[in-house]
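To keep things clear, I will list the structure first and then write my remarks on it.
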Amino acid sequence: MEKQTTSKLHEKKFKTRWGFILASVGSAVGMANVWGFPNKMGSNGGGAFLLIYLFFICIFGYVGLPAEFAVGRRAKTGTLGSYAAAWKSRNEKAEKAGGLLAWLPLIGSLCIAIGYAVIVSYVFKALCSSVTGVLMDTNPGEWFEGFSLTNYSVVIPHIVVIVGTLLTLFLGAKSIERTNKIMMPTFFIIFVILAIRVACLPEAAAGYRFMFVPDWAALKDPMVWIAAMGQAFFSLSITGSGMIVYGAYLDDGEDVVTVGTRTAFFDTVAAVVAALVIIPACYCYNLPVNAGPGQLFVTLPTILQNIPFGRFFAIILYVAMIFAGVSSLQNMFEVVGESLQHKFPKLNRKLVLGIICVVCFGIGVNMEPISSWGPWMDFVSIYIIPIGALLGAISWFWVMKKEDLMEAINQGAKKKRGVVWYNIGKFVYVPMAAILCFIAIFMKISF
């Protein structure tokens, strides 16, 4: 039965390298980039934060992403099967333990999806209000409080977001690849247009100085380093689960290190471009650059109300946000669905995805007020994601046999990676993940 599942999975491979990269970027690019990155930058020293963030992105993109891609491709399956295979490579008796361990990061992906779908529903609500003009003619703070503090206030947008994501997933990797070939270029184009528009505003230069001129004193603050590491970790979707299933759909001839670094590059470009829209505009209108969710639903509407064609820019902005959000939800639903199919091969793919969507909506609908999904996402980011990522890192670099991991990494690679790559993973990447997990659990720092 396992061979049959592997064969079916092979039929769902991505057709092109760029299709795979765009799908991976689509999973990584999301609300964390659009409001999380500018918010973290605004709270942690601006240019100094950016330098440290880029440092971690380079390490994670070079080691963390390729490792998840490689183990998924080697196992030809997602989270549950990949952990079992990694632990089996060390000792056949450890296979069951690896499979059981994998449930934690897998449940983490579902938990992220539950809260994330609510956030995207808020964005859909903002899009509808932009189309009707309501958001341009009212106080954004009052408008936001009007539904964010109320139970069952975004039920219809919630249903639309979940069903829309479900429909894009019915064809597997082919559908994910096709939709992201449209979504991701559109996302970048829209934000570049907005960045150009913001550059024309007075006082925008002050925002650029904050972003690109480091406050060197901030480098001495360990909290800046911790915030940058956490943001890089979460932004690249390195959760010990999310990118494994995309690796399972990757062709054997592709170089996982190359596609990993390219994914990290485009994800970083998306975050910086989003900051080029938000931070300079906040400086122009004397608005806080660390407003969190309010940046999308209070700060940005305030800015858009005060520029020519603001309604038009609001519409394309929130369309881009929905594109980014659905791309991330695609990955979260897919990783859970594929693993359940691997565990229970007789299950129908459409039925599995449908059940996941019902569970996601059934739990999420009770968390629509920001007072509910805010703490929920804090819990996921503080505990579930760091623990899952650490379990994955330990499994690849400390449990899995070195020769098996390196064979998986070098499959399809023109330039073979050796001891340097492996040691960066084992002695740099894993300790970083352990430090982040320790801080998240014992110091209760949310990333």
Note to self: I'd like the projected area of the stretch 188-261, averaged over all directions, using the convex hull of its alpha carbons. Report it in nm² with one decimal.
What the structure shows: 8.0
Next item on the list: Return the whole-Å distance between the Cα centroid of the stretch 191-229 and the Cα centroid of the stretch 288-342.
Entry: 20
Check: What number, rounded to the nearest 500 deg cm²/dmol, is the helix-based mean residue ellipticity at 222 nm of the chain, given -39500 (n - 2.57) per DSSP H run of at least four residues and division by all its residues?
Finding: -22500 deg cm²/dmol
Check: Tilt of helix 370-379 relative to the longest C-alpha principal axis of the chain, in degrees (0 to 90, nearest 10)?
Finding: 40
Check: Taking N as the number of residues in the stretch 253-387, what is its alpha-carbon radius of gyration divided by 2.2 N^0.38 Å?
Finding: 1.34
Next item on the list: Would you mind getting the Kirkwood hydrodynamic radius of the chain from its Cα pairs, rounded to one decimal in Å?
Entry: 21.9
Next item on the list: Straight distance only, please: which aspartates and glutamates reach the Cα of LYS343 with their own Cα at less than 13 Å, same-chain residues fewer than 8 apart left out?
Entry: GLU2
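Keeping every protein chain present and rolling a 1.4 Å probe, give me the accessible area per residue for the chain in Å². Could you put the intermediate results ahead of the total?
Details: 17050 Å² over 447 residues.
Normalised by residue count, the accessible surface of the chain is 38 Å².
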Checklist line | Cα→Cβ-extended label distance, 7 Å offset, between ALA97 and TRP216, nm | finding: 4.9
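Go ahead and run the numbers for FRET between MET223 and ASN348, Cβ-Cβ distance against an R0 of 41 Å, rounding to 0.05. Walk me through the numbers on the way to the answer.
Values: r = 48 Å, r/R0 = 1.18.
That gives a FRET efficiency of 0.25.
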Checklist line | Simple Cβ-charge dipole of the chain, Lys/Arg +1 and Asp/Glu -1, about Cα centre, in debye nearest 20 | finding: 1360
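What shape does the stretch 134-254 have by the C-alpha gyration tensor, where a ≥ b ≥ c are the square roots of the eigenvalues, rounded means a/c under 1.5, and otherwise prolate means a/b greater than b/c and oblate the rest?
Numbers: a/c = 1.68, a/b = 1.16, b/c = 1.45.
Verdict is oblate for the stretch 134-254.
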Next item on the list: For the stretch 333-391, state which trypsin sites (Lys or Arg not before Pro) are in a DSSP loop and have at most 16 other beta carbons lying within 10 Å of their beta carbon.
Entry: LYS346
Notebook entry, point to check: Rg and Dmax of the stretch 256-331, using alpha carbons, in Å: what are they?
Noted result: 14.6, 45
Notebook entry, point to check: For the peptides 56-62, 351-357, what is the packing order when you average, over each peptide's residues, the other Cβ atoms within 10 Å and list the highest mean first?
Noted result: 56-62, 351-357
Notebook entry, point to check: Which is farthest toward the positive dipole end of the chain among ILE196, VAL380, ASN410, measuring Cα position about the Cα centre, with Cβ charges +1 (Lys, Arg) and -1 (Asp, Glu)?
Noted result: ASN410
Checklist line | Rounded to whole Hz, the Karplus (6.51, -1.76, 1.60) HN-Hα couplings of the stretch 247-260, x for glycine and proline | finding: x, 5, 8, 8, 5, 5, x, 8, 8, 5, 5, 5, 5, x
Notebook entry, point to check: In degrees from 0 to 90, rounded to the nearest 10, what is the angle of the helix 173-199 Cα long axis to the longest principal axis of the chain?
Noted result: 30
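State the number of lysine pairs found in the stretch 36-166 whose Cα atoms come within less than 21 Å, restricting to pairs 8 or more positions apart or on distinct chains.
4
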Next item on the list: Under a 10 Å cutoff between Cα atoms, tell me which one of VAL335, VAL155, VAL123 has the largest fluctuation in the Gaussian network model of the chain.
Entry: VAL155
Next item on the list: Search the structure for amide H atoms under 5 Å from the amide H of GLY46, placed 1.01 Å from N in the peptide plane, and list their residues when 5 or more places away or on another chain.
Entry: none
Notebook entry, point to check: Roughly speaking, to the nearest percent, how much of the chain's 1.4 Å accessible area is carbon and sulfur?
Noted result: 66
Notebook entry, point to check: With each label point set 7 Å from Cα along the Cα-Cβ vector, what nm distance links TRP398 and ARG90?
Noted result: 0.8
Margin query: For ILE355, project a label point 7 Å along Cα to C-beta. Then give me every residue of the stretch 309-346 with its amide nitrogen under 17 Å of that point.
Written below: 333-346
Item checked: Of VAL289, LEU329, GLY392, farthest towards positive along the dipole that unit charges on Lys, Arg, Asp, Glu beta carbons give the chain -> GLY392
Checklist line | Mean Cα-pair separation over length for the chain, i.e. relative contact order, pairs under 8 Å, 6 or more apart, % | finding: 36
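The values are calculated or read from the model by the stated rules, or taken from the named source; none is laboratory data. Because the structure is a prediction, the values reported are computed rather than measured. Ideal geometry is used to build each Cβ from the backbone, glycine not excepted, and the neighbour counts take in all protein chains shown. In case anyone asks, the SASA skips ligands and DNA or RNA and just uses the protein heavy atoms, side chains included. Shrake-Rupley method; radii C 1.70, N 1.55, O 1.52, S 1.80 Å.
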